[in-house]
Amino acid sequence: MAIFDLGRFDFNDRLFKNKSLGKANVLTTTLVVGATGMTGRSLVDQLLGNKHKVRVVVRSRHKLSAEVIDNPNATVIEASVLDLTDEEMANHVKNCGVVISCLGHVMDFKGMFGEPKKLCTDATRRLCDAIEKNSPPEATKFILMNTVGVKNPELGEKRAWFERALLFLLRHLLPPHRDNETAAEYLYRNVGKGSKHVEWCSVRPDSLIDAEISPYDIQESPTTGIFTGRPTTRSNVARFMAELVENAELWNTWKFRMPVIMNS
């Protein structure tokens, strides 16, 4: 398994301790789907706090905070993302330099086994198709929030036999896990590295928890097992994705890759 230690990110220093990356604040319009989830909410708050213009697609605007709804830099689109027509989807991503999907399945029986079973995959496909349809003059960044349980096929990541067996069962018995796999696979195999209009990054958090922003590590591949995962604060995942939006050099480091994020 290929593992590259690219340093530790300390939010207080805003620098990688082992690899300094130049800070290039890029203010752009960002479309966020899944903005009412725990990570999505933190991401939207951080982007707006940094004066970005943000469009959010939500099924119910009432799930957003008053601070977001009343923010002049926020545009709220009340709709189910998969119910949008192709024309509507293309219109919503138009003039957005970044599109971020924080979509996920609710972890109850209906969320895990009900429709839509391919929420993340279908949203990823349709959003990327909408970007391609618009043919933006500069490539749009597409950031997918995924999971450490999904392997990077380019690296041939290996796991212990019992972890492979467990992931096999999850793939065939738990639709959300399969959905996460096929969403990342769509970016890797269908969008690939040859698109003129879409550049992508699939962010793979380890075990998600709720806590404040803190130092975190970014790795090329998982460094822990399924049963020995390190906690990953949702606000840290949001922070890293916001940094990918803002920092051109950081984006060039991780585009077309699937970084793993864990608390330090």
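The values are calculated or read from the model by the stated rules, or taken from the named source; none is laboratory data. Treat the numbers as computed from the prediction; the structure is a model and nothing was measured. Please note: Cβ atoms are built from the backbone with ideal geometry, for glycine as well, and neighbour counts cover all protein chains shown.
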What residue, among those in the range 49-68 that are free of Cβ contacts under 8 Å to residues at least 12 places away in the same chain and more than 21 Å from Val99 (Cβ to Cβ), is surrounded by the most Cβ atoms within 10 Å (Cβ to Cβ)? His62
Can you list residue pairs whose Cβ atoms sit under 8 Å apart, with the first residue in the range 176-191 being among the hydroxyl-bearing types (Ser, Thr, Tyr) and the second being part of a helix (DSSP H, G or I) and surrounded by fewer than 20 Cβ atoms within 10 Å (Cβ to Cβ)? Count only pairs 6 or more apart in sequence or on different chains. Tyr186/Arg125
Would you check if there is a residue in the range 233-250 being farther than 21 Å from Leu31 by Cα, surrounded by 19 or more Cβ atoms within 10 Å (Cβ to Cβ) and not aliphatic (A, V, I, L, M)? yes
Given the conditions (1) modelled with pLDDT of 95 or more; (2) surrounded by fewer than 16 Cβ atoms within 10 Å (Cβ to Cβ), every one holds for Val26 apart from (1)
Exception for Cys201 within (1) surrounded by fewer than 22 Cβ atoms within 10 Å (Cβ to Cβ); (2) closer than 24 Å to Leu119 by Cα falls at (1)
Of all residues in the range 48-69, count the ones that are within 21 Å of Asn91 (Cα to Cα) and at pLDDT 95 or above. 8
Test of understanding: among Ala35, Ala90, which residue is at pLDDT 95 or above, in contact with a strand residue (DSSP E or B) (Cβ under 9 Å, 6 or more places away or on another chain) and among the small types (Gly, Ala, Ser)? Ala35
Going through the range 228-245 one residue at a time, which ones are modelled with pLDDT of 95 or more and of a type in the set (D, E, K, R)? Arg234, Arg239, Glu243
